[in-house]
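Coordinate-derived values only; no laboratory data. Small disclaimer: the values here were computed from a predicted structure and weren't measured. Heads up, the Cβs are rebuilt from the backbone with ideal geometry, glycines too, and the neighbour counts pull from every protein chain shown.
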Amino acid sequence: MKIISAEFIKSAVKPDQYPKTGMPEIAFTGRSNVGKSSLINTLLGRKKLAQTSATPGKTRLINFFTVNEKLSFVDLPGYGFAKVSRAEQEKWGPMIETYLRERVNLRLVVSILDVRHDPTQQDRDLIEWLRHYGRNHLIVLTKSDKLSRGEALRRRRQIAVSLGLEGDDAPILFSAESGEGKSEIWKAIQPVLLQKQEPVSNS
Ligand SMILES: Nc1nc2c(ncn2[C@@H]2O[C@H](COP(=O)(O)OP(=O)(O)O)[C@@H](O)[C@H]2O)c(=O)[nH]1
Ligand SMILES: [Mg+2]
């Protein structure tokens with residue numbers, strides 16, 4: 001997709017603060033410091049639209065961006081940052097879950113993992129949760145430039161197996177440094193923009 005405009009709209013912590021635009025949304029999740037902001041910036045061809053790595057774990061709000069005035073990107077707060085108090089970590093879960101469960105505009109969740117590390121329990125819980133609620137999701141393995149080609153492919157296989165993914169569901173290898181995977185992620189986003197809005201089940 002050619003990016004004509006990309007702008008920050010607002011931050012929110014609860015549903016009545018979410019923008020009321022009705023645009024289809026793509027949300028991005030991952031552990032703090034995994035490279036979520038860098039991925040968003042790379043997809044949008046912007047250097048610093050989404051804030052990168054100021055203090056890991058500091059972005060505790062849900063940040064909404066509009067792209068080409070027709071879709072919205074949502075930067076969800078990173079989870080699992082050890083230096084944040086337990087009380088604060090406990091607030092994040094419900095904030096993210098409420099968004100993922102209730103947001104009608106949401107069409108796709110991009111779940112970001114570091115290709116070098118095994119998924120954490122929180123990564124697994126999130127992915128399991130998305131499956132349970134029938135949320136459309138995509139798994140991206142970032143920082144692929146940190147590994148050799150062979151090693152990156154090997155890690156992709158391992159992670160796919162450990163998450164119980166099958167053939168077509170292979171995670172996408174991505175790098176904000178090299179741009180690898182950028183067009184593949186856009187390719188996965190395109191079709192969901194055309195889908196009809198369907199409320200997710202509350203079961
Ligand atoms: N080598 C490499 N470094 C990356 C990549 N993506 C992010 N980083 C670095 O990882 C750190 C955290 O990135 P950031 O996007 O702020 O992570 P966030 O906390 O998930 O939003 C920063 O120092 C980035 O420069 C990548 O694809 N390759
Ligand atoms: Mg960030």
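The order of the peptides 17-30, 104-117 by mean Cβ neighbours within 10 Å, most packed first, is 104-117, 17-30. In the range 101-170, Rg over Rh equals 1.00, where Rg is the alpha-carbon radius of gyration and Rh the Kirkwood radius from pairwise Cα distances.
Each principal axis of the Cα cloud of the chain was taken in turn, and the coordinate range along them, longest first, works out to 46, 41, 36 Å. Contact order for the chain, expressed relative to its length and based on alpha carbon pairs under 8 Å spaced 6+ residues apart, stands at 23 percent.
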